[in-house]
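Notes follow the structure.
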């Protein structure tokens with residue numbers, strides 16, 4: 001419904017129909033994801049997330065390697081029946097743990113990423129509103145949210161917004177101290 005309304009308003013603006021109670025003005029297009037990810041603060045947020053989740057990623061890769069090793073041993077067929085049953089149970093347990101830890105890591109990463117995007121997005125939206133008012137825009141739309149089949153380069157304000165965002169939100173180049181993600185997989189596998 002929201003996309004249809006936005007598309008209708010854009011259609012009216014493109015056709016030159018005046019909107020009731022509004023002065024006619026320019027239409028702007030922004031790629032919000034690109035704009036947020038291209039700001040200095042956005043790049044820093046991405047790097048911080050990578051650093052935070054690197055230990056989890058490494059632990060999952062280690063567990064995946066263990067699973068592959070067990071599968072290789074089972075596929076050789078040189079184990080006794082008892083050893084094969086034991087390894088099969090161990091394989092099943094490691095596969096369950098891998099899935100659980102992988103799902104948890106993806107969920108945690110997604111929540112942290114969404115939080116960063118929401119935080120940066122709020123600042124970007126405030127800048128867009130100010131920029132639009134100062135530069136005579138009646139409408140600024142996100143090209144990712146509304147299908148746009150053609151947009152003149154002159155109405156794309158993405159680069160301008162990245163520049164304004166970086167000016168308004170300078171990133172301090174200080175030593176980053178990130179708390180590593182919990183390593184539940186390592187603790188659980190040590191009990192063996």
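The values are calculated or read from the model by the stated rules, or taken from the named source; none is laboratory data. It should be emphasised that the depicted structure is a prediction, and the values quoted were computed from it without experimental measurement. Every residue, glycine as well, gets a Cβ built from its backbone with ideal geometry; the counts of neighbours run over all protein chains shown.
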Q.
If I filter segment 61-92 down to residues being touching a helix residue (DSSP H, G or I) at 6+ places or on another chain (Cβ under 7 Å) and free of Cβ contacts under 8 Å to residues at least 12 places away in the same chain, which single residue comes out as nearest to residue 103 (Cα to Cα)?
A. 84
Q) Hey, does segment 63-71 have a residue that's over 20 Å from the mean Cα position of the chain (by Cα), farther than 30 Å from residue 88 by Cβ and at pLDDT below 95? A) no
Q: Name the single residue, out of those in segment 150-164 being assigned to a loop (DSSP other than H, G, I, E, B) and either within 29 Å of residue 59 (Cα to Cα) or touching a strand residue (DSSP E or B) at 6+ places or on another chain (Cβ under 7 Å) (or both), that is modelled with the highest pLDDT.
A: 157
Q: Return a yes/no flag: does segment 177-185 have any residue that is at pLDDT below 90, crowded, with 17+ Cβ neighbours inside 10 Å and over 21 Å from the mean Cα position of the chain (by Cα).
A: yes
Q: Determine which member of the set 167, 145, 106, 133 is within 28 Å of residue 54 (Cα to Cα), out of contact with any strand residue (DSSP E or B) (no Cβ under 9 Å at 6 or more places or on another chain) and surrounded by fewer than 16 Cβ atoms within 10 Å (Cβ to Cβ).
A: 106
**Q.** Members of segment 93-116 found to be farther than 19 Å from residue 61 by Cα and in contact (Cβ under 8 Å) with a residue 12 or more places away in the chain, listed by number
**A.** 112, 113, 116
Q) Only one of 156, 142 is touching a helix residue (DSSP H, G or I) at 6+ places or on another chain (Cβ under 8 Å) and under 21 Å from residue 31 (Cβ atoms); which? A) 142
